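This report refers to the structure that appears directly beneath it.
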Amino acid sequence: MHIDILTIFPQLFEAFRTVGVLGKAVERGLVGLEVHDLRDWADNKWRQLDDEPYGGGAGMVLQAPPVLAAVRQLEQGGSAPPRSLVLGPRGRVFDQAMARELAAEDRIVLLCGRYEGFDERIFDHSRLEEISIGDYVLGGGEVAAMVVVEAVGRLVEGVVGDPDSVIDDSFSFGLLDHPCFTRPAEVEGKAVPEVLLSGNHERIRRWRLQQAVELTVTRRPDLIKKSWARYSDEIRELVRSVAPDLADNAAEESRCT
Ligand code: SAM
């Protein structure tokens with residue numbers, strides 16, 4: 001997996017690409033992460049890439065020609081073209097399913113915007129897909145690109161030491177993750193649930209699943225409906241025992257889609 005990032009603020013990625021699980025993955029060559037200064041494609045001595053919007057209005061707009069030149073240059077090479085993505089609030093909303101989809105790619109290009117965004121014509125003349133990390137507006141695409149790299153990077157084989165920890169994560173089964181506990185056994189009078197000290201793996205597995213179902217029913221009933229079709233019989237029964245109406249609705253909706 002190789003990821004190229006295009007940004008006018010490459011320095012924002014200096015610590016990001018060297019610390020934690022991702023830093024180790026980069027060091028071990030499991031994830032290639034190259035950060036490019038978009039200004040290297042500017043065609044003027046001031047390295048300026050933005051200009052005023054046609055039609056007037058606030059803010060500056062990133063010009064299409066240097067951005068297109070940068071994206072096209074990074075798209076060259078390799079046996080197949082990369083997935084080219086531009087971060088932007090108007091895009092398809094990034095989620096765990098998309099993270100899995102991207103983790104299967106060999107190469108990804110991530111283009112970060114600033115100011116009012118890009119001249120719209122970059123979308124006519126390139127293979128760029130717009131992706132958003134949520135319904136809010138950031139000052140730039142860099143933090144959004146980091147979100148994508150973190151979520152995708154940890155799904156690349158070998159990056160996370162224990163693959164079970166990735167499989168168990170929230171959203172992997174269409175459920176939120178179960179609660180976790182560590183030492184000490186008691187915190188401010190609150191003890192660890194007894195089952196976790198029992199050593200009985202089956203009881204522990206069942207308790208965690210039950211907790212995950214209860215949390216998802218309470219906090220994210222939308223996820224139950226969306227994921228019903230891929231739930232195991234065991235999960236469906238648990239949902240039914242906690243929230244029978246929700247289970248009926250989810251089953252009905254999944255029959256209709
Ligand atoms: N005028 C744009 C709009 O309202 O759609 C917002 C531009 S924003 C101030 C500048 C840049 O931040 C965007 O080009 C994009 O790269 C990034 N950005 C802002 N919000 C984002 C989000 N929710 N997801 C991904 N990128 C975002």
Item to check | Cleavage-rule hits (chymotrypsin sites (Phe, Trp or Tyr not before Pro)) in the stretch 105-178: DSSP loop, at most 10 neighbouring Cβ within 10 angstrom | outcome: Tyr136
Item to check | Acute angle (nearest 10 degrees) that the helix 201-219 long axis makes with the longest principal axis of the chain, alpha-carbon atoms | outcome: 60 degrees
Next on the checklist: If you take every DSSP beta bridge fully contained in the stretch 1-141, what fraction is antiparallel? Give it as a percent rounded to 5.
Outcome noted: 10 percent
Item to check | On Cα atoms only, tilt of 64-75 relative to the major axis of the chain in degrees | outcome: 60 degrees
Checklist outcome for this item: Scoring the stretch 187-257 by relative contact order with C-alpha pairs under 8 Å, at least six apart, yields a percentage of 27 percent
Item to check | Nonlocal amide H pairs with Phe118, under 5 Å, H built at 1.01 Å | outcome: Leu62
Checklist outcome for this item: Diffing the stretch 129-146: the Karplus 3J(HN,Hα) column from phi (6.51, -1.76, 1.60, θ = phi - 60°), in whole Hz with x for Gly and Pro, holds 10, 8, 10, 10, 9, x, 8, 7, 10, 8, x, x, x, 5, 5, 5, 5, 4
Checklist entry - Residues with amide H under 5 Å of Ile5's amide H, sequence separation 5 or more or different chain, H placed in the peptide plane at 1.01 Å from N; which? => result Glu34, Val35, His36, Leu110
Checklist entry - Using helices alone, what [θ] at 222 nm do you get for the chain, with -39,500 (n - 2.57) per DSSP H run of 4 or more residues, divided over all residues and rounded to the nearest 500? => result -11000 deg cm²/dmol
Checklist entry - How far is helix 244-256 tilted off the main Cα axis of the chain, in degrees rounded to 10, range 0 to 90? => result 50 degrees
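What's the longest piece of the chain with no exposed GluC sites (Glu not before Pro), counting a site as exposed if DSSP puts it in a loop and it has at most 11 other beta carbons within 10 Å? Spell out each step's value before the answer.
Values: sites that count: Glu14, Glu157, Glu188.
Value returned for the longest uninterrupted segment is 15-156.
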Checklist entry - Which of the chymotrypsin sites (Phe, Trp or Tyr not before Pro) found in the stretch 40-74 are loop residues per DSSP with 16 or fewer other Cβ atoms within 10 Å of their Cβ? => result Trp46, Tyr54
Item to check | Between the stretch 203-256 and the stretch 122-170, the alpha-carbon center distance in angstrom | outcome: 26 Å
Checklist entry - Taking amide H positions as placed 1.01 Å from N in the peptide plane, with prolines and chain starts having none, which residues 5 or more places from Gly88, or on another chain, fall under 5 Å of its amide H? => result Ile131, Ser132, Ile133
Checklist entry - For the stretch 1-16 and the stretch 83-106, what is the separation of their C-alpha centers, rounded to whole Å? => result 17 Å
Item to check | Cleavage-rule hits, trypsin sites (Lys or Arg not before Pro), the stretch 1-92, DSSP coil, Cβ neighbours within 10 Å at most 10 | outcome: Arg28, Lys45
Next on the checklist: Let me check I've understood the local charge: for Trp228, count other residues with C-beta under 9 angstrom from its C-beta, Lys and Arg +1, Asp and Glu -1. What total comes out?
Outcome noted: +3
Checklist outcome for this item: When the chain is treated as a Gaussian network with springs between alpha carbons less than 10 Å apart, the largest mean-square fluctuation among Gly113, Gly23, Gly139 is found at Gly139
Item to check | Point-charge dipole on Cβ atoms (K/R +1, D/E -1) for the chain, about Cα centre, debye to 20 | outcome: 360 debye
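Bear in mind that the values in this text are calculations on the coordinates, not laboratory data. Everything numeric in this text was worked out from a predicted model, so none of it was measured. Virtual Cβ from ideal backbone geometry, glycine too; neighbours counted across all protein chains shown.
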